[in-house]
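Novice: Attaching a single structure in structure tokens format; questions to follow.
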Amino acid sequence: MVLRPASSEFHLDLVEAFEETWPEVSRAMPWINPDLPFDTQIEDFLVETERMGRSGLLHHWVMVRPWDGALLGLIGFDQVTRSGKAVWNLGYWVRSSEQQHGFARRAIDASLHWLGEAEKSSVELKVDPHNPAGRSTVMRTVREWKGERCVDGDSAITVAGVRTPHECHLVTIGPGLGPE
């Protein structure tokens, strides 16, 4: 798996992957309105991602299988945090046909190492406690990155019109930090 900057180049592949994984993808992308076409929402997201990425306000990548170019998922950082302690929020999603192969784990570790190359900072990871796979991935990350639970950052997130409580966890990144 390789990470490529999310851009309009991946628009059609991302739409296809979202459609494959609907409605689960709404947990990772709560801004998606199921009553509107995916196509336009994804295009708007990618345009905004490119614009905000150029200014350093967020960073998103698509996960790609190198030998055939298949889009596996999406991972990214934004600065929408709730804890009052973190600079960044990390979100990720892996399409349903590619789950349980370690792509999320590898993408999370690679992106946390990348973001932490320059300076030490704190990153929030939010998870729906009723999403066993997501919770397992987040708890592994927290354990291996020596993170902690942050109740102050817990918040309800609206997913497909339903308010769902999410747990907040923090990890510290920076030069020399994180798993090998």
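Novice: From (1) surrounded by 14 or more Cβ atoms within 10 Å (Cβ to Cβ); (2) assigned to a helix (DSSP H, G or I); (3) touching a residue at least 40 places away in the same chain (Cβ under 8 Å), pick out the condition that doesn't hold for ASP152.
Specialist: For ASP152, the exception is condition (1).
Novice: Among TRP114, TRP88, which is the only one that is modelled with pLDDT of 95 or more, aromatic (Phe, Trp, Tyr) and out of contact with any Phe, Trp or Tyr (no Cβ under 6 Å at 6 or more places or on another chain)?
Specialist: Unique residue meeting the criteria: TRP114.
Novice: Next question. Among the residues of the stretch 134-162, how many are aliphatic (A, V, I, L, M) and within 14 Å of LEU112 (Cα to Cα)?
Specialist: 2
Listed here are the residues, each with its yes/no results for (1) in contact with a helix residue (DSSP H, G or I) (Cβ under 9 Å, 6 or more places away or on another chain); (2) aliphatic (A, V, I, L, M).
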residue	(1), (2)
ALA118	no, yes
SER122	no, no
LEU125	yes, yes
TRP145	yes, no
ARG149	yes, no
GLY153	no, no
HIS169	yes, no
PRO175	no, no
PRO179	yes, no
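Novice: Evaluate the stretch 158-168: report whether one residue or more is modelled with pLDDT under 95, within 20 Å of LYS85 (Cα to Cα) and crowded, with 20+ Cβ neighbours inside 10 Å.
Specialist: Yes, the stretch 158-168 contains at least one residue that is modelled with pLDDT under 95, within 20 Å of LYS85 (Cα to Cα) and crowded, with 20+ Cβ neighbours inside 10 Å.
The values are calculated or read from the model by the stated rules, or taken from the named source; none is laboratory data. Not measured: the values here are computed from a predicted model. Heads up, the Cβs are rebuilt from the backbone with ideal geometry, glycines too, and the neighbour counts pull from every protein chain shown.
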